[in-house]
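I have placed the structure first, in the form of structure tokens, so that the comments after it can refer back to it.
The values are calculated or read from the model by the stated rules, or taken from the named source; none is laboratory data. Treat the numbers as computed from the prediction; the structure is a model and nothing was measured. When we count neighbours, we look across all protein chains shown, and the Cβ atoms used for this are built from the backbone with ideal geometry, even at glycine. What goes into the accessible areas is simple: the full protein's heavy atoms, side chains included, and nothing from ligands, DNA or RNA. Shrake-Rupley method; radii C 1.70, N 1.55, O 1.52, S 1.80 Å.
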Amino acid sequence: MTPRDRLGRPLRDLRISVMDRCNFRCPYCMPESTYHENFRFLAANERLSFDEIERVARIAAELGVTKLRLTGGEPLLRPDLPVLIARLVGLPGIEDVALTTNGVLLARQAEALKAAGLHRVTVSLDSLDPETFARLSGGRAQLDAVLEGIDAADAAAFPGGIKLNTVVQRGINDTGVFDLLDRFRHRDITVRFIEYMDVGNRNGWVRDEVVSSRELRDRIDARWPLEPLSPRYRGEVARRYRYADGAGEIGFISSVSAPFCGDCSRARLSSDGQIYTCLFATKGTDLRAVLRAQEDDASLRGILSQVWRERGDRYSEERAERRAAHSEEKIEMHYIGG
């Protein structure tokens, strides 16, 4: 039976961080000042194994999860990732396995990911301007490598398609929005704009740098008229629009100006086996200890179900009060994925 949390929300989605490391140092996620060359990331034996990840995903599917998303850090840094994907795709009840990546390693892995059964890919891309891109990636990558990865994913023809996620910050990359859209219009690649959020504790978030989805949508609509689309399912995080001229679809994720906590059905599994019930969580529940103590499936199922039933998270709806109260530090986004 599918558990429901204290606000009546079912568990439908599990986001799985397979790697805490990343080859970027994006200032809003993993600033170089903190995640420098001497920073201690997890050792290989501290991360969940493929067997352990598969077991958690299988139990989650028994509790109602139908969608899995592999994240990081950068998930393509995890060796043999297509092997894990093939195992997850085959789980009873799982209808959708997706991947979020920065795209740098995608060109060399796209075909293997498709062959393993990966349904869809999301690439994070904040700018097409080389200088701005370098700034927002911490100077760790070339824009051309990411664009090559997107082209390779497009050629691989994932059945669920390709989405591009762009975090928009006022005065930093908001002026490049039209260039980004112009490049991917007519390509069946959906660009989604994400309001800049106060994830983690180190990105120096200030509200003034947020460009609201409404403002951005109005700016785009004035150049390329947009028509709203109905949600494909309850809890869909992006509000979808199509170009009136038939050039494709775009989306807006508005967790600051229009929070969608009420329909959130997502749990997050960290690389070292902590289960979190919110992107802005301050603590998790250790599943690695349960897995390595060789507890049976009934025990693991009971813990997952209990964690979800006790969930009452709605941070984005409480952001102002929580920040004013200087509540506990949130878990860093690179640790549990976006």
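Relative to the longest principal axis of the Cα atoms of the chain, the long axis of helix 50-62 lies at roughly 90 degrees.
Relative contact order, whole percent, for region 203-288 stands at 18, derived from Cα pairs under 8 Å and 6 or more residues apart. The HN-Hα couplings worked out from phi for region 283-292 by the Karplus form 6.51 cos²θ - 1.76 cosθ + 1.60 (θ = phi - 60°) are 7, x, 10, 7, 8, 4, 4, 5, 5, 7 Hz, whole numbers, x standing for Gly and Pro. Relative to the longest principal axis of the Cα atoms of the chain, helix 213-223 runs at roughly 40 degrees. Three principal axis extents describe the C-alpha atoms of the chain; from largest down they are 57, 47, 45 Å. Please state the relative contact order of the chain as a whole percent: Cα pairs under 8 Å, 6+ residues apart? Here the relative contact order equals 22 percent. Full extension of the segment from residue 207 to residue 151, taken as 0.36 nm per residue of separation minus the current Cα-Cα distance, would add 16.7 nm. Tally up the carbon and sulfur contribution to the accessible surface of the chain as a whole percent, 1.4 Å probe, everything protein left in place. For the chain, the apolar C and S fraction of the accessible surface comes to 46 percent. Taking the square roots of 5 times each eigenvalue of the Cα gyration tensor of region 16-137, largest first, gives ellipsoid semi-axes of 27, 18, 12 Å. Working note: Cα atoms of region 121-222, range along each principal axis, descending, whole Å: 39, 35, 23. Which percent of Cα-Cα pairs in region 1-77 sits in each 10 Å bin, short to long? In order of increasing distance, the bins hold 16, 37, 27, 18, 2 percent.
Taking Cα atoms only, the orientation of helix 143-156 departs from the longest principal axis of the chain by about 70 degrees. Only helices enter the 222 nm calculation for the chain: every DSSP H run of n ≥ 4 contributes -39,500 (n - 2.57), and dividing by all residues gives -8500 deg cm²/dmol, rounded to 500. Highest mean packing comes first when the peptides 232-240, 36-44 are listed by Cβ atoms within 10 Å, giving 232-240, 36-44. Cysteines in the chain lacking any other cysteine Cβ under 4.7 Å from their own Cβ: 22, 261, 264, 278. Give the total of Lys-Lys pairs in the chain with Cα-Cα distances below 18 Å; include a pair only if its members are 8 or more places apart or on different chains. Lysine pairs satisfying the spacing and distance rule in the chain number 4.
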